[in-house]
1. Of a type in the set (A, V, I, L, M), exposed (fewer than 10 other Cβ atoms within 10 Å of the Cβ) and either without any contact (Cβ under 8 Å) to a residue 60 or more places away in the chain or assigned to a helix (DSSP H, G or I) (or both): which single residue out of L60, L27 fits that description?
2. I'm told E90 meets every condition in (1) surrounded by 11 or more Cβ atoms within 10 Å (Cβ to Cβ); (2) not in a helix (DSSP H, G or I) except one. Can you identify the failing condition by its number?
3. Please tell me if A83 is small (G, A, S) and at pLDDT 90 or above.
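The values are calculated or read from the model by the stated rules, or taken from the named source; none is laboratory data. The structure displayed is predicted, hence computed values, not measured ones. So basically every Cβ, Gly included, is an ideal-geometry build from the backbone, and we count neighbours across all protein chains shown.
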Amino acid sequence: MSTSLNRQDNSALSAGQYWLLVILGGLTLVVAIAAIYLAGGNQKLAAELQSKQAFIQQTLPLSKLNGELVQGIAKTAANIGDAELKALLERQGISFSPKPLAEPQP
């Protein structure tokens with residue numbers, strides 16, 4: 001009988017060990033809750049990023065059209081010498097200089 005009592009005494013936790021395990025369990029719980037919170041935040045950021053990427057993909061075809069429109073406005077401003085159109089383009093950061101007309105060769 002005394003051997004079984006010794007085994008029980010050896011397997012019992014001391015007060016320090018008990019509180020250490022309680023603290024470690026609490027810390028584990030806090031870390032798990034933080035991980036869940038951060039995972040939710042990551043999902044929101046991923047959804048926002050996906051939305052922005054879709055917007056960029058939808059607007060890519062429009063960039064070519066935008067360039068063509070600017071080119072057309074610049075050509076018109078250069079051909080007719082419209083200072084207002086030229087000023088409008090310059091305010092938007094677009095500068096151009098008209099190509100000199102080719103002189104006819106004899």
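1. Going through L60, L27 in turn, the sole match is L60.
2. So the condition that E90 fails would be (2).
3. In short, no.
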